[in-house]
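Student: I'd like to ask you about the structure that follows.
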Amino acid sequence: MRKPKKAPAGAFSPESLMMSYGYKPELSEGALKCPIFQTSTFVFRNAREGKAFFELAYGLRERGPSEALGLIYSRLNNPDLEILEERLKLWDGAQACAVFESGMAAISTALLEMLKPGDVLLYSEPLYGGTDYFFRHVLSRFGITAVGFPAGKGIAAAEAAIASPDLKERVAMIYVETPANPTNALVDIQACARLAKRLSNGRRVYVAIDNTFLGPLWQHPLKHGADLVIYSATKFIGGHSDVIAGACLGGEDVIRRVRTLRTFLGTMTGPWTGWLLMRSLETLKLRMTCQMKNARYVADYLKGHPKVERVYYLGHLKPGTPDYAIYRKQCSAAGSVVSFDVRGGETAAFRFLDRLELIKLAVSLGGTESLAEHPATMTHADVARAEQLRMGISDKMVRLSIGVENPQDLIADLRQALR
Ligand SMILES: *Cc1c(COP(=O)(O)O)cnc(C)c1O
């Protein structure tokens with residue numbers, strides 16, 4: 001892990017600001033914590049104010065120098081949403097943020113806003129199953145062509161995928177999941193930003209990164225040239241496996257567009273989800289740091305186990321390899337998702353999964369409890385077998401999401417289940 005950077009004078013670190021930033025107690029009877037604003041609509045002080053709020057909401061005139069968007073209706077804005085967005089911006093150093101009722105709502109709303117018929121969407125593989133389905137079966141109905149390239153094979157593989165001039169000149173977005181799920185293969189974000197520049201020929205080619213696996217603590221794509229950062233906030237940001245939510249961050253220009261489509265699709269978070277996520281953000285750094293340390297113990301244990309053929313863990317990358325160089329450049333820690341191959345294929349993998357006691361057999365990740373699953377038959381079941389193998393997903397692979405338990409207990413559970 002790198003040393004914490006010194007905060008500029010007057011600026012506190014995100015973890016110090018998560019308890020109070022963006023909230024004014026005097027607007028809520030002095031309540032220390034932000035209440036849940038469980039209301040669908042807001043009362044205007046007078047008709048002139050209502051008119052002014054709508055003029056801004058619909059972009060009918062420029063915003064005044066100190067004028068904020070007034071509270072109108074909870075599909076447009078709500079204090080729990082707005083304060084949450086202010087806090088999420090701090091981790092990624094983003095200008096703007098929009099929160100959604102799920103990660104898929106963030107992805108679908110952002111992409112429907114940024115793409116149009118005729119566009120080519122160049123994306124890294126493997127992708128989260130829901131995203132993969134949305135690209136291939138939904139965006140295709142709107143005339144958008146999705147073209148995949150393998151993660152972990154360098155930027156040349158991305159260029160090769162769009163080698164034909166017909167594809168190349170239509171690329172409108174490069175969409176990347178790094179590290180890839182479940183193999184932890186990496187894609188170089190700076191190289192994607194450079195490729196986007198080379199492809200932009202009078203138009204802008206956007207780079208979007210799904211940062212669910214390492215963010216918002218251990219990887220900050222906007223600092224490496226990405227235009228959009230997307231999260232399933234269901235995972236580390238929510239962190240307790242009890243809420244579904246999503247977020248999209250980037251420059252003010254891009255997020256204003258995404259937020260406008262959010263208003264018309266109605267994919268925003270409700271106040272209760274917003275409040276839950278603010279509560280989660282107070283312990284985000286604590287949780288992710290503990291999970292990251294626990295994962296290191298677990299990965300090291302698995303690496304030496306005779307029944308384990310291979311461990312896929314960022315902390316084990318070897319200096320001198322291309323992935324290691326990318327890791328040092330864009331990640332500040334290895335995170336807490338570890339995959340491994342069990343000797344003996346699906347039968348052995350299932351036997352191991354069925355014997356776990358403390359670690360639960362469930363999909364999802366990033367929560368306080370450790371989870372295990374079988375990608376080939378569960379999260380990636382929709383991917384054709386030949387494709388799975390090409391992506392490095394075999395039937396002997398198990399994916400673990402490491403939680404905040406005592407690491408010795410986790411290792412004891414793995415030991416007895418592998419026996
Ligand atoms: C879970 C997940 C999603 C989808 O998020 P939901 O909150 O389930 O809608 C998208 N991308 C990645 C990498 C995920 O892990």
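Student: Please state the shape class of region 100-153: rounded when a/c is under 1.5, otherwise prolate if a/b exceeds b/c and oblate if not, all from the C-alpha gyration tensor.
Tutor: oblate
Student: Work out from phi, with θ = phi - 60° and the Karplus expression 6.51 cos²θ - 1.76 cosθ + 1.60, the ³J(HN,Hα) of each residue of region 292-301, listed in order in whole Hz, and give x for Gly and Pro.
Tutor: Working through the residues one at a time gives 5, 5, 4, 5, 4, 4, 5, 5, 5, 4 Hz.
Student: Show me the GluC sites (Glu not before Pro) within region 149-190 that DSSP assigns to loop and that have at most 12 other Cβ atoms within 10 Å of their Cβ.
Tutor: Of the GluC sites (Glu not before Pro), the ones in loops of region 149-190 whose Cβ has at most 12 other Cβ atoms within 10 Å are Glu169.
Student: Moving to a separate point now. Roughly speaking, what is the stretch gain from Arg48 to Thr283, that is 0.36 nm per residue apart minus the C-alpha to C-alpha distance, in nm to one decimal?
Tutor: Here the segment from Arg48 to Thr283 would lengthen by 80.4 nm.
Student: Evaluate the charge dipole of the chain about its Cα centre and quote only its size in Debye, nearest 20, assuming +1 on the Cβ of each Lys and Arg and -1 on the Cβ of each Asp and Glu. Can you show the working numbers first?
Tutor: Numbers: 52 positive and 43 negative charges, 190 e Å.
Dipole size: approximately 920 debye.
Student: Treating the beta-carbon of each Lys and Arg as +1 and of each Asp and Glu as -1, no other charges, what is the dipole magnitude of region 284-418 about its Cα centre, to the nearest 20 debye?
Tutor: That gives region 284-418 a dipole magnitude of about 500 debye.
Student: Which percentage, to the nearest 5, of the DSSP beta bridges contained in the chain is antiparallel?
Tutor: Counting only bridges with both partners in the chain, antiparallel ones make up about 55 percent.
Student: Given +1 on the Cβ of Lys and Arg, -1 on the Cβ of Asp and Glu, and no further charges, what dipole in debye does region 79-281 carry about its Cα centre, rounded to the nearest 20?
Tutor: 400 debye
Student: Turning to a different aspect of this structure: Would you work out which of Pro79, Leu217, Thr263 lies farthest towards the positive end of the dipole of the chain, given +1 charges on the beta-carbon of Lys and Arg and -1 on that of Asp and Glu, about the Cα centre?
Tutor: Selected residue: Leu217.
Student: Long-range amide H contacts for Ala362: which residues qualify at under 5 Å (H placed 1.01 Å from N, peptide plane, sequence gap of 5 or more or a different chain)?
Tutor: Under 5 Å from the amide H of Ala362: Ala372.
Student: For region 336-398, which GluC sites (Glu not before Pro) are in a loop by DSSP, counting at most 12 other Cβ atoms within 10 Å?
Tutor: Answer in residue order: Glu357.
Student: Something else now. Return the Cα extents of region 79-281 along principal axes one, two and three, sorted largest first, each rounded to a whole Å.
Tutor: Largest to smallest, the principal-axis extents are 48, 34, 28 Å.
Student: Which ³J(HN,Hα) values, rounded to whole Hz and listed in residue order, are derived for region 398-403 from phi using the Karplus coefficients 6.51, -1.76 and 1.60 in 6.51 cos²θ - 1.76 cosθ + 1.60 with θ = phi - 60°, glycine and proline given as x?
Tutor: Taking θ as phi minus 60°, the curve returns 10, 10, 10, 10, 8, x Hz for region 398-403.
Student: If I stretch the segment between Met19 and Asp166 completely, what's the gain in nm (0.36 nm per residue apart, minus their alpha carbon distance), one decimal?
Tutor: 47.8 nm
Student: Moving to a separate point now. Are there GluC sites (Glu not before Pro) in region 61-115 that DSSP puts in a loop and that have at most 14 other Cβ atoms within 10 Å, and which ones? Display every interim value, and only then the final one.
Tutor: Details: sites: Glu62, Glu67, Glu82, Glu85, Glu86, Glu101, Glu113; in loops: Glu62, Glu67, Glu101.
Here the sparse-neighbourhood loop sites are Glu62, Glu67.
Student: Report the calculated FRET efficiency for Arg328 and Glu357 (r = Cβ-Cβ distance, R0 = 41 Å), to the nearest 0.05.
Tutor: 0.65
Student: Compute the angle between helix 47-57 and the longest alpha-carbon principal axis of the chain, please, reported from 0 to 90 degrees and rounded to the nearest 10.
Tutor: Between helix and principal axis, roughly 40 degrees.
Student: Label Gln416 and Ala57 with points 7 Å out from Cα along Cα→Cβ: what is the distance between them in nm?
Tutor: Reported label-point gap for Gln416 and Ala57 is 5.7 nm.
Student: What list of ³J(HN,Hα) couplings, whole Hz, do you get for region 86-102 from phi and the Karplus terms 6.51, -1.76, 1.60, once you set θ to phi - 60° and write x for glycine and proline?
Tutor: 4, 6, 5, 4, 5, 5, 8, x, 8, 6, 8, 8, 10, 9, 9, 6, 7
Student: At Asp242 and Ala156, where each label point lies 7 Å from the Cα along Cα→Cβ, what is the point-to-point distance in nanometres?
Tutor: It works out to 5.1 nm between the two label points.
Student: What is the spin-label model distance, in nm, from Thr321 to Glu29 if the labels are put 7 Å beyond Cα along the C-beta direction?
Tutor: Rounded to a tenth, the inter-label distance reads 5.8 nm.
Throughout, read-outs are computed from the coordinates displayed, never taken from laboratory work. Keep in mind it's a predicted model, so treat the numbers as computed, not measured. Using ideal geometry, Cβ is built from the backbone for each residue, glycine included, and neighbour counts are taken over all protein chains shown.
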